[in-house]
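Take a look at the structure set out below.
The values are calculated or read from the model by the stated rules, or taken from the named source; none is laboratory data. Since the model is a prediction, treat every value here as computed from it, not as a measurement. All Cβ positions, glycine included, derive from the backbone under ideal geometry; neighbour counts span all protein chains shown.
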């Protein structure tokens, strides 16, 4: 177990290095000079050159990259070119907002998705099953910014039940979380359904029935634990998709999260902030997937993690 | 025996499958599926390899066709060393070397009609000129007991027994010399199994085919084989002609195996030798004789010395068993070291 | 026939409804199991033997359904029972073990948890007592170091060991009837011998009755007292085991024996049954076996024979043994000398 975790963490290093290389190159190869941007459009060339020099923008790319990575390892994500403040101060508060949003949305999608999926599987081809699958298909096909706008239109503007924007109070949280969690709930519901259906036809379910176990216990004890194994994978992947979806959701509901910060920074060519955002999102994604893999161990005793 | 032509000669065949592990994913150990196996098959005979799961019988069959690349040893087929051939030469060689698998459905392309399947086999091996192929397909279908017009159907339209016949037709389509039958009749119901077995025997008589028959059903093996090889944990424990193996088994494992078969005759008294426990793992097989952990006759010597295949004077020619004590057991001089046998009451 | 019957199945019908078609997997099956004895139900794939067994415990999943008949267990028709009443029977008075030990245990629970479950449901044992009893049961079925095994997961055990666990689980509540559905088909022959011996020993010890479903005539000969031979959803012959092997009457039973390659004697040749089992949707009108039967007459092709008594406790479903028989009156269905050259 420990060997496995250590090996997985070691494997993270090249992945993360790769991410930094990609982000770094992408930002430097896009047109537009950040020094010019910082100095202002009409600034004299000497001033631009001075800024370039200070930021090390004249150094060869590998040197710039090396400096960057060394900084990151020491916890220094650089200085925002736009606000002239340490990037970490810009990113940190917004990071927690986004994580909160994504976590709530994940909890919502797991909760709804599991219940809907189990009902669907247990009552295969019933009215409930067909309705759930139709709703799930809608949930899956709807772009979340559109869903967000519709929810806002109905519940905030027409009915006035919820505030249309912002983040913090329970009323403010509900609509964005539904917006972001719906697609995930739909995917999890479909996955749970098919996984449950497969498990229910397994030999060991018949064994449990032959023992005289009640149908309800067969579903929740014998079938669900096995059916969850593929569902957990989906939840892990879904969390990544949620981070991406958060960008749009935050825009729609004007939430000051990392998604908005990322979009703003790209607009402003604020390299260090963009790099920091992408790096953090990548780390979160990779760590979540590691947690998913480890949680297999608790669900499925057959996976020998040392192999 | 000596004037017979050697068709397949296997020397010191080893097939190890590596197990990866540790932080760096290095090979930490090997599954010794086949460990130093040698035997010869003569033209026109049927040799069966028997044994329980994990004994290496299927791996041996796969190695002969180079479906896996053996770790060590030589496989000489009709005078050619198969392991020295490159891929292209090996493909050519497969014209003479065919295999029939246990699950005919899995080994037939579901999107190809039987005609396409047979055509493809002949095409790859260029065994039959193009203009003769349709006649040949009709002939093959009839030979294996199917209607020629059924050739335009897809595998799913046939029953299990019929699909196995198609598998046989495909193997026969290229006029092979040797057919490896890997559990070829194991999945079939007994009434259909008998049809297929009779068919295989008929072809052997007509075309002087050679079969390497891999099976766990000893009734089938007794019926079809000229000679039998008994394997246990990657090694040959006994080899001999069918009559000697069934009527005068020498190795304690062969005896236990034969005694374990339920006999379809409720009035027959049989002495059953019950083996303790399960077959050990082929990853770290027992030292010395691999059977010593379960053998009723085992001694300290068995745990230390690897027994060679030996033929004692009272045994028939070509009958050999890998046990230190065959002669002593036969004469009653060496008695069981643990209690394992039991007479079934009727 | 004076023995007490623990189970009497009468005219059992189980069908599968697929795309509006009724597939009669079990089509009027009748047999009984004398108390303390073993009944073998033998047949090839598609004969309905496993569906019959699952029907006894009403473990048939949709789209399958028991559509008629009686299953009398100690005089009570189980088909009149509610689902809740059936649950009290399953795993308690009647237990079942299955063909695939590798997949019949739940992979995510320990051996102990799985054995304990039945004890909790039917005996109300708590975790501590349940564990102790589980260890006892594992010892009973010959599993070494049972105290360690109860905490292990199924993947840590070999196929033979898992089948022993299945048996321990089935025996947890001292059932009066054990249904074994091809219990050794997936196992190697030396392991098969161990498991069959175990079932026999436990049967003698606990006095239970057994229904042994198998396709292997060797297993039948070794373990059963009575045999029902099934073909295409019907019982074609029922007899005690010695009679069945010495004097088989139905041409299908004879065909099975003739096509069986034997390990204990030399055979000149196998005499296969010609043709194949008819597909479920093209069942012949008359005797199901008529298209493959070497003795079939017009009568056989047009009308289905009944399962009639032909002797003390022997029944056969064949026109040859009736007064209506219109073929050769001297017909010899079974000629043992044709089969073996030695013996």
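Annotations for the structure displayed:
- Every test in (1) under 28 Å from residue C:92 (Cβ atoms); (2) within 14 Å of the chain's Cα centre (by Cα); (3) more than 13 Å from chain B (Cβ to nearest Cβ) is passed by residue C:234 save one, and that test is (1).
- Taken over the stretch B:243-287, residues that are under 18 Å from residue B:299 (Cβ atoms) and at the interface with another protein chain (Cβ under 7 Å from one of its Cβ atoms) amount to 2.
- Taking the stretch C:211-241 as the range and being out of contact with any helix residue (DSSP H, G or I) (no Cβ under 9 Å at 6 or more places or on another chain) and over 30 Å from residue C:282 (Cα atoms) as the test, only C:240 passes.
- Looking across the stretch C:258-270, just one residue is more than 7 Å from chain B (Cβ to nearest Cβ) and either in contact with a strand residue (DSSP E or B) (Cβ under 8 Å, 6 or more places away or on another chain) or closer than 10 Å to residue B:191 by Cα (or both), and that is C:258.
- Qualifying residue in the stretch C:72-87 (condition: modelled with pLDDT under 95, within 28 Å of residue C:191 (Cβ to Cβ), within 13 Å of chain A (Cβ to nearest Cβ) and out of contact with any helix residue (DSSP H, G or I) (no Cβ under 7 Å at 6 or more places or on another chain)): no
- Only residues that are assigned to a loop (DSSP other than H, G, I, E, B) and either modelled with pLDDT of 90 or more or within 14 Å of chain C (Cβ to nearest Cβ) (or both) were counted in the stretch B:318-332, giving 6.
- The residues on offer are B:84, B:53, B:126, B:48, and the sole one that is farther than 23 Å from residue B:202 by Cβ and within 14 Å of chain C (Cβ to nearest Cβ) is B:53.
- Scanning the stretch C:102-127 for residues that are more than 9 Å from every other protein chain (Cβ to nearest Cβ) and either within 25 Å of residue C:185 (Cβ to Cβ) or in a loop (DSSP other than H, G, I, E, B) (or both) gives C:111, C:115, C:124, C:125, C:126.
- Taken over the stretch B:49-73, the residue count meeting the criterion of being on the phi < 0 side of the Ramachandran plot and touching a helix residue (DSSP H, G or I) at 6+ places or on another chain (Cβ under 6 Å) is 4.
- Flag for residue C:257 being assigned to a helix (DSSP H, G or I), surrounded by 15 or more Cβ atoms within 10 Å (Cβ to Cβ) and on the phi < 0 side of the Ramachandran plot: yes
- A count restricted to the stretch A:252-266 and to residues that are modelled with pLDDT of 85 or more and in a helix (DSSP H, G or I) stands at 9.
- 3 or more residues more than 30 Å from residue B:154 (Cβ to Cβ): qualifying strands (runs of 3 or more DSSP E) within the stretch B:38-105: B:46-50, B:72-77
- Where strands (runs of 3 or more DSSP E) fall entirely within the stretch B:221-309, those with at least 2 residues that are surrounded by fewer than 22 Cβ atoms within 10 Å (Cβ to Cβ) are at B:271-273.
- Residues that are farther than 30 Å from residue C:18 by Cβ, buried (at least 17 other Cβ atoms within 10 Å of the Cβ) and more than 14 Å from chain B (Cβ to nearest Cβ) do not occur anywhere in the stretch C:274-290.
- Count of residues meeting criterion [closer than 19 Å to residue B:179 by Cβ and buried (at least 18 other Cβ atoms within 10 Å of the Cβ)] in the stretch B:67-88: 3
- Residues satisfying the stated conditions in the stretch B:162-174, i.e. under 10 Å from residue B:199 (Cβ atoms) and either within 14 Å of chain C (Cβ to nearest Cβ) or more than 21 Å from the chain's Cα centre (by Cα) (or both): B:164, B:165
- Entry remark, the stretch B:111-131: residues being at pLDDT 85 or above and part of a loop (DSSP other than H, G, I, E, B) number 3 in total.
- Every condition in (1) over 14 Å from the mean Cα position of the chain (by Cα); (2) loosely packed, with under 15 Cβ neighbours inside 10 Å; (3) at pLDDT 90 or above holds for residue B:23 except the one numbered (3).
- Considering the stretch B:199-242, and only residues there that are in contact (Cβ under 8 Å) with a residue 40 or more places away in the chain and more than 17 Å from the chain's Cα centre (by Cα), the residue that is farthest from the other protein chains (Cβ to nearest Cβ) turns out to be B:208.
- Single unsatisfied condition, residue C:185 versus (1) under 16 Å from the mean Cα position of the chain (by Cα); (2) closer than 12 Å to residue C:100 by Cα; (3) within 14 Å of chain B (Cβ to nearest Cβ); (4) buried (at least 20 other Cβ atoms within 10 Å of the Cβ): (4)
- Helices (runs of 4 or more DSSP H) contained in the stretch A:42-145 and holding at least 3 residues within 22 Å of the chain's Cα centre (by Cα) and under 30 Å from residue A:270 (Cβ atoms): A:87-122
- The stretch A:271-306, subset assigned to a loop (DSSP other than H, G, I, E, B) and touching a helix residue (DSSP H, G or I) at 6+ places or on another chain (Cβ under 7 Å), residue modelled with the highest pLDDT: A:300
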